[in-house]
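Nothing in this text is a laboratory measurement; each read-out follows from the coordinates by a stated rule. If you're wondering where the values come from, they're calculated on a predicted model, not measured in any experiment. Backbone-built Cβ (ideal geometry, glycine too); neighbour counts: all protein chains shown.
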């Protein structure tokens, strides 16, 4: 108790000194640099290859745990290939863009015994929706409209096409499997709808790991990490860090866990989550 009080006292002294120096308009540029670096180190705003995002280390960490996986928003199959390389998992991959799906077909030719692919979108109802995209294999393609305010989109998604969308719950082929160990969802803002359309599957299988991408899209849609956690009540929430092979548990109700920058969160089933804390 004494040590804790001492640490709190030291923190307050440092905080007061920092605020005295940096808590003024002329110093905000430096605060922004420090904040940006801190966010990168905590797992935000890292994109590109899976080494930089920490996703490769994450899959290596759990590779013995997963035998059946679902990749929602597979695009040209980079995450699918990561699973094929690093695990023995059977994988069902979903991708709505026809040209991106063609890339998935080439992967399936090499891994026909472990990979099934579906040229369809997933959501919370069975319908047809317009998907907005730039080029026909774009990772930025989204069912959301009016994304011009996002600096990484702007006027990029200037094309659209009509796409068939189904609920994951309506795939009898998935409902017939024994276990679902991992679901990864990267759908450029449509992650919540995918989970809504998978409530029967989530209730039946309670997957060990559910990875979602959390980004600016959720801010536009007024969604929080907490609202996602309510759809997956059997899991604890972790954030993927960019380095090392560890995850960090986060409280989805805390404001600092709801930062609207690109980050990958993993919902880990409560009965196994202690091993990752």
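The figures follow:
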{"quantity": "On Cα atoms only, tilt of 2-22 relative to the major axis of the chain in degrees", "calculated": "90 degrees"}
{"quantity": "Taking all pairs of distinct alpha-carbon atoms in the range 166-230, Kirkwood radius in angstrom", "calculated": "12.5 Å"}
{"quantity": "Length added when fully stretched, residue 116-residue 56, from 0.36 nm per residue minus Cα-Cα", "calculated": "19.4 nm"}
{"quantity": "C-alpha center-to-center spacing [the range 16-92, the range 199-277] in angstrom", "calculated": "13 Å"}
{"quantity": "On Cα atoms only, tilt of 98-110 relative to the major axis of the chain in degrees", "calculated": "80 degrees"}
{"quantity": "Simple spin-label estimate for residue 106 and residue 175 in nanometres, 7 Å along Cα-Cβ", "calculated": "3.6 nm"}
{"quantity": "Cα gyration tensor, the range 197-270 - rounded (a/c under 1.5), prolate or oblate", "calculated": "oblate"}
{"quantity": "C-alpha long axis of helix 28-42 to longest principal axis of the chain, angle in °", "calculated": "50 degrees"}
{"quantity": "Spin-label pair residue 270/residue 226, simplified geometry with 7 Å Cα→Cβ offset, distance in nm", "calculated": "1.9 nm"}
{"quantity": "Relative packing of 219-226, 47-54, which averages over residues the other C-beta atoms within 10 Å, highest first", "calculated": "219-226, 47-54"}
{"quantity": "Computed [θ] at 222 nm, deg cm²/dmol, the chain (DSSP H ≥ 4; -39,500 (n - 2.57); rounded to nearest 500)", "calculated": "-10500 deg cm²/dmol"}
{"quantity": "Amide N proximity, the range 171-211 versus residue 125 label position 7 Å along Cα-to-Cβ, cut-off under 17 Å", "calculated": "190-199"}
{"quantity": "The range 13-97, Cα convex hull volume normalised per residue, Å³", "calculated": "139 Å³"}
{"quantity": "FRET efficiency, 1/(1 + (r/R0)^6) with R0 25 Å, evaluated for residue 152 and residue 28 via beta carbons", "calculated": "0.60"}
{"quantity": "Projected label distance in nm at residue 40 and residue 234, using a 7 Å step from Cα toward the beta-carbon", "calculated": "4.0 nm"}
{"quantity": "Burial ranking of peptide ranges 178-190, 24-36 (average Cβ count within 10 Å, highest at the top)", "calculated": "178-190, 24-36"}
{"quantity": "The chain: Rg to Rh, with Rh as the Kirkwood radius over Cα pairs", "calculated": "1.01"}
{"quantity": "For the range 105-205, convex hull of alpha carbons as volume per residue, Å³", "calculated": "118 Å³"}
{"quantity": "Scaled radius of gyration (Cα, divided by 2.2 N^0.38 Å) that the range 5-148 gives", "calculated": "1.51"}
{"quantity": "GNM flexibility winner over the chain from 191, 213, 102 (Cα, springs under 10 Å)", "calculated": "102"}
